[in-house]
Amino acid sequence: MTDTQHQHVELSYEPALPIPRGKLCLWLFLSTEIMFFAGLIGSYIVLRFGVPEGAWPTPKQVYLVEWIGAFNTFVLICSSVTVVLALEAAKQNQAGLAKRWFVLTFLLGSVFLGIKAYEYTQKFEHGIYPMRPRSKIYDKANPYYVSAVGSYVAGEIAKLQVETGRTELTGMDQERLEHLRAVQTGLVNWTAEEVALEENPYAQSSQLETFAYVISPLDPDNSQAHEFLVSQKSEVEKQKDGFILEQKAKDQRSQEINEELVELNEAYAALEAKAEAGEAALTAAESEAFAKLATQRTELYEELTAVDASRAKLTQEIETYTARADVLEATLSSHHGLNEAWHLGLPIMIPSGNTWANTYFLLTGFHAVHVFIGLLAFALVMPMKLIATHAHLVENLGLYWHFVDLVWIFLFPLLYLF
Amino acid sequence: MNRVWSLLFLLVPILGTLLIVWAIFGAWPLAGLWLPENVNEYGGVIDHLFNLILWITGVIFIGTGAILALTMWPAKGGSRRAAYVHGNHTLEIIWAVIPAGILVFLSIYQLNAWAENKMDRPVEVVDGEERLVPPSVRVVARQFDWDFFYPGPDGKFDTVDDFMVTGEVHVPKNQPVVFQIESSDVLHSFFVPSLRVKQDIVPGMKQFVWFEANKAGRYEIACTELCGWGHYKMGAVLEVQEEEDYAVWLQETTAKCLAISQSFEE
Amino acid sequence: MSSPQNATASRWSIPGFLGHYVFSRDHKIIGTQFLFSTLIWGVAGGLLALAVRWQLAWPWSDMPIFGRLFEAEGGQISPEFYTMLFTMHATIMIFFVIIPMLAGAFGNWLIPLMIGADDMAFPTLNMLSYWIMWPAFILIGASFFTAGYGPSSGWTAYPPLSVLDAAAPGSGVAQTLWILGLTFVGISSMMGSVNYMTTIIQMRAPGMTMMRLPMTIWSMFITAILQAFALPVLTAGLFMQLSDRVFGTGFFLPEGLAANNGIQVAGGGQPLLWQHLFWFYSHPAVYIMILPAMGMVSDILACFSRKPLFGYKPMVYSICAIAGLGFIVWGHHMFISGMDPILGVSFMISTMLIALPSGVKTFNWLATLWRGNVQFTTPLLFSVGFLSMFIIGGLSGIFMAATPVDIYIHDTYFIVAHFHYVLFGGSILALLGAIYFWYPKMFGRMMSERLGKVHFFLTFILTNMVFYPMHILGAAGFPRRYADPYHFQAFADLLPINQVMTVSAILLGFTQIIFAANFVGSLFFGKKVGRNPWQANTLEWAAPSPPGHGNFDFQPVVCRGPYEYSCPDADVDFLPQAETPPA
Amino acid sequence: MVSEASGQQDHKTNTKLFLKVFAALCFLTAISFVIANSPLMKSQGLAWAVMMLVSCAKAFLVISFFMHLKWERTWKYVLTIPASLMSLLLVVALIPDVGRRAENYSDQRWLHATEPSEVKADLSREDASATGDEPVPVDSSESDSH
């Protein structure tokens, strides 16, 4: 191209709208942004309506704190005001004042992001991620969920045991191992067995519901559930005590048998020796006693085996019931179930929890990205002198910022309050 | 030379129409290249609508093609001055309103056919009560095969006596048949050209297709929604049988499948 | 005078060769960059199409020449490879050829010139909108070379197939690259469209009222609006699909899928949601691909029939109507997708409505030719070719709009015939015509008319021979995206006709060599031309050929509409929109 | 621009106006918050509608005052209304199709899908009745609710 071919002329135009090109372009850009968020919010709404009715988690179930969201709304509204005041000041050439408002806006935006980050970590701590495999949310208390918890626990135990092989476990790890084992016997195996034994599907699902409730209750303030667990605990403990009593009885019996056996064996041995010495055979009475002793001895041995077996079984039962009692105890002692009491990070059951997490992180994530881009733009404009000639920059930036605020105005009720 | 161009454009509707007519009559070498014979009671309306639209569009096709060629036809001598016309509202209204009328007619005319094929599942009368015809086969599509589940002797799905056939499904002639179609992995589409039946299958969604075959024979089922590399070979056969033959087949297959499943249990 | 010159020069280019020809901010350089890039992608897309056709004519046979390029076993096309072929053919043709050539190349070239502006409103943004295409070029290019076969879930990328790696083992990383690539295309289009809108709204020359804009500009304007409103929705959907693929979320995945190698998916999603989001963009995208072509054809037809465009205002209104209706018809791609059939009825009615403005446009074009003094130049021939093909494509659309008929022909070759008539016969032919028409303005030289006519003759005949028989295939029920239909008894007879089509397609491909030779040769040996070789009215012809930085060497003042041809009061048969000052 | 011209003179009033808008926004946020924690949530649809109305009111305030649209000429309608309508259209069109999907879930999907929380609520009910010896099956309450 030959650019010196002709002389340049400054062309004049007939603009259709009485606004600067930059502002027009920004408004057009905001229209595309509206559509972008319409796509996202629309997807959220239909995904939400698309789940079976009444199966959407409440804020509490997903560790969403409404007032934090409300506060963040407040922060953003404040920042909207400050940026508009910065524009006013800039228009009047009060560069210093404008700068102060401007910096304040920047800070408020940062506060918003900070709070957002805090909220995110709250979720992450409970295993609420928008994704597999890190996400620990299961939609349904079903056998899949139980086996997921089971394999998680087994994996954790195995990990700890590998460490045991290498080094001495710290007290905390030791405690964790104990807790994990308690969960394994007192919760996972317990429920699996109960479900397997139960034929009635409703009773089965009730077992599974209890299972999920113990790990992380969807409604921690459910007093009836609490009472139920208390009663179950006392029941379990009663049974456990029963088993202990029984075991004691069996112990005693075992001791008795052993003692009896000692006596019997002595008598038996004497007769046997005599019989073996042989020449003068035993008297009829003696041989009768000898036979009786032999039967008695066999019977006692048999009983001893049986008693020992049932002792072992009882030990196991006691172990299971102790574990169950421990689990229930821990659940009852904390407000948010076992996961809170023992910090084991067990998979949790939240109906539609994954869909919730997907949409929550999608929407707030993209909003946060927009806030972040806004902050970047603020940082770029910050070094400038905010006089009237630069007011259009502040104005355009402000328009963008208000739009980000607008999006949040809709996101807040949709995500936190609905 | 310039008239050649005009004729070239005229050739399009002439040859185009010829080709279609040729295909419709199925003469060599285009034998078997038009709509296959329709064997579905509900499919007739689709064919009828197709032919109607073919007629309408055919007339417009030839008409506009002829007009195009005519307008292009150069004047003798070549250099005449063009007419200085900016438009004609009456004309424009006419050629807006006439197509509009045709289209409105078409939209209303086709509603019944649509409802019949996609909205109003056939009903049957049982014990004096009307009810929707229950699905007689559950079709489960998977990459890249069709599984057909029959409810078995008890007539209910998800019971122990269900049995499954792969690659071939039998239905009785002259009876409204409802299939419940499901997918276990990705999107598929249930297409039986001869029945004019097609329905995409969305995983996780319960859908129904229905038809009433009126001619015994073997018809092919094809998948028409891209489902992976084996999409092209995902076929099966739908065999329409006389009622007696169907009953015999059903009995035999039931017995055979139950025997197999029992031998598995043992 | 020198200081403003320097000041203005810096508005268009950074000093140095790179700044002049590579990272230039001049809309004309950017337009040319778009043009060359898209032409190259067009070659790639065309070759992919030929490979598809090869497989359909001689399935599983060794492919000559190109067989060696793909490592497919012994030069054969494997079914996985075949799915990749048509996926990439569509993706490239739509996102890397037609849309960027219309909006990027011609939009850039023509908008400032035709409205009398020195450049776009935001030259830097304009430059970025081209360079942001490069990540997309690279990502899509790279997806060919990833392990496996490239993205192979169709250009529509319907989940779950596009999300579950286990379902489409050939796709793998390539599908992710595909999504990222399209995201960049989206950003580029968004940048371009806000820029175009601002330019057209704010930078028209004095006297250039909205109702004096040439149809090309009107269509570009409406296209920009369509892009601005529709594309973000697709972008949102793409992000969701990306996160489904990469992070394991479940926006589009239902629970209990069997196809993920036993890995449980997050679930809770709706496969149909993607289809809605996708078509909310991709239906307007169909108009993004045809409206600018319609606009350019209107200009070319008026110019070469030496006659005012018949019914300018109705033409403008019908473009607006097409765009407006275009937003509420997306569901007609989903009639049998499992969508609510009642919703289908409402989409059917709006779809029928859209035939109306299209019809008005067609008849107005015919009326423009009527009693005109038709000049049989190559651009005109291509435009009439467009018209002839668009009629076929439009009429076959009515079959699909009728929901019951769509039950039968959906996803068969009837659809393939329909959109190829609109997109190849329509958009591509119009684009070729536009290249012949504006070539002298772009490069200051004419393309060879003789070669151009040969090119048109062969292209027109062969195009019809490739695509017309597809209607018949469709009527026979032949489903699209089949690598080998012939093992079906019902489709076994289709082989000979497919072979005819493939031979025609290969010849059509060879025909384009004439065009390439003409294009490149004319760059060096074409006849040099003055400002207005076609004696056209619109403003770009008042600028020098090729225009320098700043486009105009005088202040254009527009005093009439763009189509004042053969005015009886004038001595010559054209009256330019702005009088050029005597040199 | 009008705002620029008027802003010069009544800066104070403008600031005051912005502060008023700010107060209104805070007030509206508080309303949403209160509604969400009030018995109104029992009839969810109504509560949602009110909250959305409140949000729209807030959006209106922000757009017209902070984004200065109150002082702009008619172009504001051309730019804002189509986008808003379009976004509404998208959502409205999706709701009948995608938003009511649960009605068409297949049996296979129900095996894995999340269930309505009525069943969950049964836990408490069942627990209440099960203060006795052993966990009692839910049949009675289950059959009630269906």
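What is the spin-label model distance, in nm, from C:SER346 to A:TYR301 if the labels are put 7 Å beyond Cα along the C-beta direction?
For the pair C:SER346/A:TYR301, the computed spacing is 8.7 nm.
Compute the semi-axes of the equivalent ellipsoid of the protein assembly as shown, taking the square root of 5 times each eigenvalue of the Cα gyration tensor, and list them largest first in whole Å.
Numbers: eigenvalues 953, 371, 149 Å².
Computed over the protein assembly as shown, the values are 69, 43, 27 Å.
Rounded to the nearest 500, what is chain C's calculated 222 nm mean residue ellipticity when only DSSP H runs of at least 4 contribute -39500 (n - 2.57) each, over all residues?
Values: 18 runs with 340 residues, N = 583.
The helix contribution divided over chain C gives -20000 deg cm²/dmol.
How many percent of the accessible area of chain C is carbon or sulfur, using a 1.4 Å probe? Walk me through the intermediate numbers first.
Values: 11030 of 15680 Å².
Here it works out to 70 percent.
At 10 °C and 1.306 mPa s, grab the translational diffusion coefficient of the stretch A:140-187 from Stokes-Einstein with a Kirkwood Rh over Cα pairs, rounded to a whole number in µm² per second.
Working: Rh = 11.4 Å.
The Stokes-Einstein estimate is 140 µm²/s.
What angle do you read, to the nearest 10 degrees and between 0 and 90, between the alpha-carbon axis of helix A:21-50 and the longest principal axis of chain A?
Approximately 20 degrees, to the nearest 10.
For the stretch A:278-333, restrict the atom set to alpha-carbon positions and state the Rg and Dmax in Å.
23.4, 77
What's the long-distance tail for the stretch C:377-526, i.e. % of Cα pairs beyond 24 Å?
Details: 4522 of 11175 pairs.
Percentage above 24 Å: 40.
In whole Å, what is the distance between the alpha-carbon centres of the stretch B:87-140 and the stretch B:229-248?
The stretch B:87-140 and the stretch B:229-248 have Cα centres separated by 28 Å.
Write down, largest first, the equivalent ellipsoid semi-axes of the stretch B:131-265 in whole Å, where each equals the square root of 5 times an eigenvalue of the alpha-carbon gyration tensor. Kindly include the intermediate steps, with their values, before the conclusion.
Numbers: eigenvalues 101, 69, 40 Å².
For the stretch B:131-265, the semi-axes come out at 22, 19, 14 Å.
Nearest 5 is fine: what % of DSSP beta bridges in chain B come out antiparallel, could you say? Please list the in-between numbers first.
Values: 32 of 42 bridges.
Once the DSSP bridges in chain B are tallied, antiparallel ones form about 75 percent.
Given that compact globular proteins tend to follow 2.2 N^0.38 Å, what is the ratio of the alpha-carbon Rg of the stretch A:162-206 to that value? Intermediate values should be presented prior to the final figure.
Numbers: Rg = 15.9 Å, N = 45, 2.2 N^0.38 = 9.3 Å.
Computed over Cα atoms of the stretch A:162-206, the ratio equals 1.71.
In terms of Cα to Cα distance under 16 Å, which aspartates and glutamates are near enough to A:LYS233, apart from those fewer than 8 places away along the same chain?
A:GLU194, A:ASP241, A:GLU317, A:GLU319, A:ASP326, A:GLU329, D:ASP127, D:ASP133, D:GLU134
Could you give the accessible area per residue of the protein assembly as shown, probe 1.4 Å, as a whole number in Å²?
Details: 53910 Å² over 1413 residues.
So the protein assembly as shown comes to 38 Å² accessible per residue, rounded to a whole number.
Restricting to Cα atoms and excluding each atom paired with itself, what does the Kirkwood estimate give for the stretch C:287-425 in Å? Before the final figure, lay out each step's value.
Numbers: mean 1/r = 0.0632 Å⁻¹.
Result for the stretch C:287-425 stands at 15.8 Å.
Can you give the accessible area buried between chains B and C, summed over both chains, with a 1.4 Å probe, in Å² to the nearest 100? Don't skip to the answer; put the middle values down first.
Details: alone 17040 and 22700 Å², together 31190 Å².
By this definition, chains B and C bury close to 8500 Å².
What is the spread of the Cα atoms of the stretch A:311-418 along each of their three principal axes, largest first, in whole Å?
92, 29, 19
Quick check: the angle from helix C:312-326's long axis to the longest principal axis of chain C, C-alpha only, nearest 10 degrees?
For helix C:312-326, the angle is close to 20 degrees.
Heavy-atom accessible surface, probe 1.4 Å, ligands and DNA/RNA ignored: which residues of the stretch C:166-201 lose at least 50 Å² versus the isolated chain?
Residues losing area: C:VAL194, C:ILE201.
Sum -39500 (n - 2.57) across every DSSP H segment of at least 4 residues in chain B, then divide by the residue count to get the 222 nm mean residue ellipticity, nearest 500. Can you show the working numbers first?
Numbers: 5 runs with 101 residues, N = 266.
My calculation for chain B gives -13000 deg cm²/dmol from helical runs alone.
By how many nm would the segment from C:LEU125 to C:VAL500 lengthen if fully extended, with 0.36 nm per residue of separation less the alpha-carbon distance? Write out the running numbers ahead of the final one.
On the way: separation 375, 0.36 × 375 = 135.00 nm, distance 4.72 nm.
Full extension of this stretch gives 130.3 nm more.
Just how far, in whole angstrom, is the stretch A:305-365 from the stretch C:282-352 if you go by their alpha carbon centroids?
60 Å
Two-decimal Rg/Rh of chain A from alpha-carbon positions, Kirkwood Rh? Don't jump to the answer; show the numbers that get you there.
Values: Rg = 37.4 Å, Rh = 28.3 Å.
Dividing the radius of gyration by the Kirkwood radius yields 1.32.
At B:ALA83 and C:PHE554, where each label point lies 7 Å from the Cα along Cα→Cβ, what is the point-to-point distance in nanometres?
3.4 nm
For chain A, find the longest principal axis of its Cα atoms and tell me its angle to the long axis of helix A:223-277, 0 to 90°, nearest 10.
Once rounded, one gets 30 degrees.
Counting only other chains, what is the mean number of Cβ atoms within 10 angstrom of the Cβ of each residue in peptide C:146-156?
Working: counts 0, 0, 0, 1, 0, 0, 3, 5, 3, 0, 2.
The per-residue average across the peptide is 1.
How well do other chains shield peptide D:26-38, expressed as the mean number of their Cβ atoms within 10 Å of each residue Cβ? List each step's numbers first, then the result.
Numbers: counts 6, 0, 3, 10, 3, 0, 8, 10, 0, 2, 9, 3, 0.
The per-residue average across the peptide is 4.
Where the centroid of each part is defined by its Cα atoms, how far is the stretch A:371-418 from the stretch A:202-238 in Å?
About 49 Å separates the Cα centre of the stretch A:371-418 from the one of the stretch A:202-238.
Output needed for the stretch C:24-542: three equivalent-ellipsoid semi-axes, defined as square roots of 5 times the C-alpha gyration tensor eigenvalues, in descending order, whole Å. Could the numbers behind the result be given before it?
Numbers: eigenvalues 258, 134, 111 Å².
The three semi-axes for the stretch C:24-542 are 36, 26, 24 Å.
In chain A, carbon and sulfur make up what percent of the accessible area (probe 1.4 Å)? Please list the in-between numbers first.
Values: 10770 of 18360 Å².
It is 59 percent, rounded to a whole number.
Arrange the residues D:LYS58, B:LYS173 by how much accessible surface each exposes, largest first, with a 1.4 angstrom probe. Numbers along the way, then the final one.
Numbers: D:LYS58 0, B:LYS173 40 Å².
If we order D:LYS58, B:LYS173 from most to least accessible, we get B:LYS173, D:LYS58.
The values are calculated or read from the model by the stated rules, or taken from the named source; none is laboratory data. Predicted, not measured: the structure shown is a model, and the values here were computed from it. Here the Cβ is made from the backbone with ideal geometry for all residues, glycine too, and neighbour counts use every protein chain on show. Heads up: the accessible areas ignore ligands, DNA and RNA and are worked out on the full protein's heavy atoms, side chains in. Shrake-Rupley method; radii C 1.70, N 1.55, O 1.52, S 1.80 Å.
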